[in-house]
Amino acid sequence: MTDAADPFEAIKVTFFQECDELLGDLETGLLAIEAGSADDETINAVFRAVHSVKGGAGAFGLEDLVRFAHVFETLLDELRAGRKPCDPPTVKALLRASDVLADHVSAARGQAAPVDEARSAALVAELEALTHGGAAPAAIADVLALPEADEFGFRPVAFDFSTLAAPEPAAASGWRVTFRPHARMYAKANETALLLRELSRLGPVEVALDASALPDLAELVAEEAYLTWTLDLAAVVDEASVREAFDFVEADCDLTVEALSDAPAATDAPDSAPDLDIAALLARATAEAPVIESAPPVVEVAPVVPVAAPTAAATPAPAAQAAVTIRVDLDRVDRLINVVGELVIQQAMLAQRVIESGLARSSGISVGLEDLELLTREIQDSVMAIRAQPVKSVFQRMPRLVREVGEMTGKRVRLLTEGEATEVDKTVVERLAEPITHMIRNAIDHGLEMPEDRLAAGKSGEGTVRLAALHRSGRIVIEISDDGRGINRERVRGIAVSRGLIVEDAVLTDDEIDNLIFLPGFSTADAISDISGRGVGMDVVRKSIQALGGRISIASVPGKGSTFTLSLPLTLAVLDGMVVSAADQTLVAPLTAIVESLTPRPGDVHYVGGHDAVILFREQFTPLIDVGMVMGFRDAALTPSDGVAVIVETESGARAALLFDAIQGQRQVVIKSLETNYRQVEGVAAATILGDGRVALILDVDAIVANARRRSARPELKLAS
Amino acid sequence: MTAALVLPAVLDIQQAAPLRDDLLALRGQPVVIDGSAVERLGALCLQVLISAQQTWARDGLSLQIDQASEAFAAQWNAFGATDYALAQREPA
């Protein structure tokens, strides 16, 4: 995290958060345009997204970003005004530009390597060609001086607003902007003309030019800035909106903004007032000829021609505004979750004490307790919902990935996404991006065939990758499927044999062969390709999913495609656990690791080398680990037949049997970090507080199994599951 | 003898220095500037043109911007430079 003490940094962090949202909106909008489901508002929203990124970037002096966004925005403005058609090549270029814009943002954030300059420059050239090429080269002239026809086809007439402003005091409130650009501003490819136009979006502007600082032509330096403008804006808007027009050049100019009239300027609702004004102005405009005669405020300049007259579309409607949200520091939410966790525990303790003291039968108390329990549950659910986020933020990154991987492999790919609104804990969302990215890459690189092969197989030349999210029995399920060739089982088997993962004559079901790709050290790419072969195999994907308490499975049909299914818990703040006891200690084993439990029969337990116990379980010898001994709770081993063996599976797929004294039951527990409150303890993942107030340790099954193995220093059992 | 200068279509930041040099080369004689091809006018070229008008006026010579295209005139006015003479091309 950034140093919160530095307010500038904090604002910057917020800016980048907003950038993420804006880039998301941008891509969503562009995809809608590509799909032909866009209306005028979509193009406006896309324009606004780029414009906002540019504006913020200007404030932080992120020049590369500003420059790129500026070119991007200029083309979007052409599309918005309908001067350029939104044809497929243009949309494709816009999509690529949105990718590069995202790169610029990441680079500015310091999260990624600097942007590929050549790619960025090529796109700038392409965007500029699209902007200036074609039928209407006098683009800026049109926008600057000629009022645009609005959506009703109305083209307002230019006329002098100052004469109108006078008789109506309410409409007279406005702003005087004095603007003197520095040479730096021009050097950064900003243009006064565009800024004036930006300001005129807010309302009618009277422009007065002061050229008194201009030297003789012989002494004039072409790149120096000598002119000063006084701009009288007749619009009921707040000062921030006025400054916004200049917000990315503010450091490179002298700018003053002062209220024009005695009437207090509106502090909000910048869009409401002009509508009325426009009606009044239009009425007068039709009644009077557009005569320009008034005396403008700046002394040396006589007649004045106003810039673009307002149109109903000049002020962007807030219609596309998303749901009302507030930004809250995650720490605060976590603190709340923690306290609610305490509340849940306290409530459970209270309930237990009431039972112990024999008061439960007294109906008033038990009814009150039940209500309290319902309330605490509801509070807990609501608090968890604060952290819940739609998977959209991850899904949104995928269209770009698909485009890029498609281009690199020469395959034509269509991405279908479903259930973007499915919500899951923020931590889970963040950690989903990498595995999903990897699996989509795999699906395109390994799953889909080349277009000609697909056509030969009687399929459409364009492959489909489907990414879906849904809730199923208290978990989130993510499915990544392709309609490609399916898993080549012969080849998978061959590789597994050559890598020594299975013996040559092993008898495996189709399912077992498919699951071989999850084994460490397995990679189907013969040569390491740029796309999938980044040293990250499916074993790493499985590990990261399992680290989230999730599972991954695969289903594949030759010639039809493959489906990977991830199933994850909705939150990492609570855990479904099996409450067990070992040497008078209460422990919690994560339910996701548990395969089954059994009472060992004396004959099933064998000792290797005299002390390492193994248990015969489903015709396999599985190491039997006495948890009480391993954790140091007792010195003498428990007789296996006196306890309960819980078969667990580690993240690497290895199985072991953990021996406990007894199983108490299954329960959902609130996870408390041990590292934060105490220190890391080997074999313990975290802690929780039980209803009776005692602290119970949550076992780190993987660490316990690995630890037991190290102690016995026994060669690993060959696993084929 | 009146000299003539034809303005290019785009008068952006890149054109400011060449435009200044072209005009300076014509100093000492009346000049008619043909603005019929102009599509885009930036503030830096606006500076050069206004400075040229002021300089020529101080020299007691005429410098006329003539045949200004519609776009040129519109942008010139949008800059608030309306008290600097600009003769617009007659609409065809």
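Taken across the range B:60-76, residues that are over 27 Å from A:PRO204 (Cβ atoms), more than 9 Å from chain A (Cβ to nearest Cβ), modelled with pLDDT of 90 or more and surrounded by 24 or more Cβ atoms within 10 Å (Cβ to Cβ) do not occur at all. Here B:PHE79 clears all of (1) of a type outside the set (Gly, Ala, Ser); (2) buried (at least 16 other Cβ atoms within 10 Å of the Cβ); (3) more than 8 Å from chain A (Cβ to nearest Cβ) except the condition numbered (3).
Yes/no per residue for (1) basic (Lys, Arg); (2) modelled with pLDDT of 80 or more; (3) buried (at least 20 other Cβ atoms within 10 Å of the Cβ); (4) part of a strand (DSSP E or B):
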residue: A:ARG491; (1), (2), (3), (4): yes, yes, no, no
residue: A:GLY494; (1), (2), (3), (4): no, yes, no, no
residue: A:ASP505; (1), (2), (3), (4): no, yes, no, no
residue: A:ASP511; (1), (2), (3), (4): no, yes, no, no
residue: A:ARG534; (1), (2), (3), (4): yes, no, no, no
residue: A:ALA555; (1), (2), (3), (4): no, yes, no, yes
residue: A:LEU568; (1), (2), (3), (4): no, yes, yes, yes
residue: A:ASP576; (1), (2), (3), (4): no, no, no, yes
residue: A:VAL579; (1), (2), (3), (4): no, yes, no, yes
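Residue-wise test of (1) assigned to a loop (DSSP other than H, G, I, E, B); (2) away from chain B (no Cβ under 13 Å); (3) over 17 Å from B:LEU11 (Cβ atoms).
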| residue | (1), (2), (3) |
| --- | --- |
| A:ARG176 | no, yes, yes |
| A:ARG180 | no, no, yes |
| A:ASN190 | yes, no, no |
| A:VAL207 | no, no, yes |
| A:VAL237 | yes, yes, yes |
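So which of A:GLY463, A:GLY458, A:GLY486, A:GLY521 is part of a loop (DSSP other than H, G, I, E, B), closer than 24 Å to A:LEU401 by Cβ and either of a type in the set (Gly, Ala, Ser) or touching a Ser or Thr at 6+ places or on another chain (Cβ under 6 Å) (or both)? Result of the check over A:GLY463, A:GLY458, A:GLY486, A:GLY521: A:GLY486. When each of A:GLU34, A:GLU27, A:GLU117 is tested for being under 27 Å from A:ASP252 (Cα atoms) and of a type outside the set (A, V, I, L, M, F, W, C), the lone residue that passes is A:GLU117. At least 1 residues being farther than 27 Å from A:LEU199 by Cβ is the threshold, and among the helices (runs of 4 or more DSSP H) wholly inside the range A:1-103 those reaching it are A:7-34.
Any idea how many residues of the range A:678-721 are at pLDDT 75 or above and either in a helix (DSSP H, G or I) or touching a strand residue (DSSP E or B) at 6+ places or on another chain (Cβ under 9 Å) (or both)?
Residues in the range A:678-721 being at pLDDT 75 or above and either in a helix (DSSP H, G or I) or touching a strand residue (DSSP E or B) at 6+ places or on another chain (Cβ under 9 Å) (or both): 26 in total.
Any idea how many residues of the range A:4-50 are of a type in the set (Lys, Arg) and in contact with a Ser or Thr (Cβ under 9 Å, 6 or more places away or on another chain)? So the answer is 1. Among the residues of the range A:59-86, the ones that are in contact with a Lys or Arg (Cβ under 7 Å, 6 or more places away or on another chain) and under 16 Å from A:LYS12 (Cα atoms) come to 3 in all. Taken over the range A:615-636, the residue count meeting the criterion of being crowded, with 20+ Cβ neighbours inside 10 Å, among the aliphatic types (A, V, I, L, M) and assigned to a strand (DSSP E or B) is 3. Of all residue pairs spaced 6 or more apart or on separate chains, those with beta-carbon atoms under 6 Å, a first member in the range A:217-231 that is more than 7 Å from every other protein chain (Cβ to nearest Cβ) and a second member that is surrounded by fewer than 20 Cβ atoms within 10 Å (Cβ to Cβ) and part of a helix (DSSP H, G or I) are A:GLU224/A:ALA183; A:ALA225/A:ALA183.
Here the condition is being of a type outside the set (Gly, Ala, Ser), surrounded by fewer than 21 Cβ atoms within 10 Å (Cβ to Cβ), facing another protein chain (nearest Cβ under 8 Å) and under 12 Å from the mean Cα position of the chain (by Cα); of B:GLN54, B:GLN47, it holds for B:GLN54 alone. Out of curiosity, is A:SER52 among the hydroxyl-bearing types (Ser, Thr, Tyr), farther than 16 Å from A:VAL249 by Cα and surrounded by fewer than 22 Cβ atoms within 10 Å (Cβ to Cβ)? Spelling it out, it is not the case that A:SER52 is among the hydroxyl-bearing types (Ser, Thr, Tyr), farther than 16 Å from A:VAL249 by Cα and surrounded by fewer than 22 Cβ atoms within 10 Å (Cβ to Cβ). Exactly one residue out of A:THR639, A:THR676, A:THR599, A:THR688 is of a type in the set (Ser, Thr, Tyr) and crowded, with 16+ Cβ neighbours inside 10 Å: that is A:THR688. Collect the residues in the range A:379-430 that are without any contact (Cβ under 8 Å) to a residue 24 or more places away in the chain and either closer than 11 Å to A:LEU570 by Cβ or of a type in the set (S, T, N, Q) (or both), keeping them in residue-number order. Result: A:ASP381, A:SER382. For the residues A:GLU34, A:GLU18, the requirement of being among the acidic types (Asp, Glu) and without any contact (Cβ under 8 Å) to a residue 60 or more places away in the chain singles out A:GLU18.
Across the range A:239-264, the number of residues qualifying as within 15 Å of A:MET185 (Cβ to Cβ) and in a loop (DSSP other than H, G, I, E, B) comes to 5. Can you find even one residue in the range B:29-40 that is at the interface with chain A (Cβ under 7 Å from one of its Cβ atoms) and more than 17 Å from B:GLU70 (Cβ to Cβ)? Within the range B:29-40, none of the residues are at the interface with chain A (Cβ under 7 Å from one of its Cβ atoms) and more than 17 Å from B:GLU70 (Cβ to Cβ). The criterion of at least 3 residues that are farther than 20 Å from A:VAL221 by Cα is met, among helices (runs of 4 or more DSSP H) falling completely within the range B:2-92, by B:70-78. Filtering the range A:192-205 to residues that are facing chain B (nearest Cβ under 10 Å) and of a type outside the set (Lys, Arg) leaves A:THR192, A:ALA193, A:LEU194, A:LEU195, A:LEU196, A:SER200, A:VAL205. Condition check for A:GLY419 on (1) at negative phi; (2) crowded, with 18+ Cβ neighbours inside 10 Å: one failure, at (1).
The values are calculated or read from the model by the stated rules, or taken from the named source; none is laboratory data. Everything numeric here is computed off the predicted structure, so don't read it as measured data. Positions of Cβ are generated from backbone atoms using ideal geometry, with glycine treated the same way; all protein chains shown enter the neighbour counts.
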